[in-house]
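Below is one structure, written out as structure tokens; comments come after it.
The values are calculated or read from the model by the stated rules, or taken from the named source; none is laboratory data. Since this is a predicted model, take the numbers as computed values, not measurements. Cβ: placed from backbone, ideal geometry, glycine included. Neighbour counts: every protein chain shown.
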Amino acid sequence: MPSETGGKYTGSVFDELYTLYGNDVLRTAYYYLGEKQRAEDICQDVFTKLFLYTGDITPGKERAWLLRVTINACRDYWRSSWAKRVLLGPPMMELLPDERDIFEERQEREELAKAILTLPAQFREIILLYYYQNFTLQEIASILGISEGTVASRLARGRYKLEAVLKDWNGDGAK
């Protein structure tokens with residue numbers, strides 16, 4: 001059981017991992033859940049788990065570990081009875097600001113993010129990890145604990161479903 005004072009990933013190691021991967025964790029949670037405040041809560045939970053973690057993370061695989069924990073936390077949230085009772089539909093999207101965006105690109109990204117949120121979770125998470133986090137099919141398979149062939153198949157079907165959603169999109173967020 002982890003101690004309350006922290007596990008192996010404390011001090012400067014923790015700070016370095018947070019600096020390197022904090023934004024990736026936050027964006028993954030945000031794109032998965034579509035709600036900024038809930039994504040911030042998940043991000044905090046993930047780094048609390050890292051702080052208390054007493055096991056070993058393979059050097060160079062810290063990002064994959066953090067994103068796997070993030071996805072699992074998002075899944076747990078959606079499975080919770082509170083989420084099923086309180087949330088009646090996907091929340092309105094507001095993109096996390098990125099200084100490189102210009103207005104038109106931001107609108108396009110917002111529409112794409114809304115469309116991604118309409119996909120079933122099994123396709124949504126693969127698309128997020130592949131396109132937004134730049135993981136390879138092999139890395140995604142390792143993160144999700146599924147075969148590489150399944151990842152490739154879900155990515156192809158997810159693209160097809162996303163294309164269909166975008167074709168039907170009428171601009172006001174409804175299909």
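For residues that are out of contact with any Phe, Trp or Tyr (no Cβ under 7 Å at 6 or more places or on another chain) and either without any contact (Cβ under 8 Å) to a residue 24 or more places away in the chain or crowded, with 17+ Cβ neighbours inside 10 Å (or both), tally how many sit in region 52-61. Reasoning before the result, please.
Keep residues of region 52-61 that are out of contact with any Phe, Trp or Tyr (no Cβ under 7 Å at 6 or more places or on another chain), which gives 52, 54-56, 58-61.
Applying the additional criterion that residues be either without any contact (Cβ under 8 Å) to a residue 24 or more places away in the chain or crowded, with 17+ Cβ neighbours inside 10 Å (or both) yields 52, 58-61.
Residues that pass the stated criteria total 5.
With respect to the conditions (1) part of a helix (DSSP H, G or I); (2) under 21 Å from L166 (Cα atoms); (3) at pLDDT 85 or above, L119 falls short on a single one, namely (1).
Scanning region 34-82 for residues that are touching a Ser or Thr at 6+ places or on another chain (Cβ under 7 Å) and either part of a loop (DSSP other than H, G, I, E, B) or of a type in the set (G, A, S) (or both) yields a single hit, A64.
Going by the conditions given, is S153 surrounded by 12 or more Cβ atoms within 10 Å (Cβ to Cβ), assigned to a helix (DSSP H, G or I) and modelled with pLDDT of 90 or more? So S153 passes the test.
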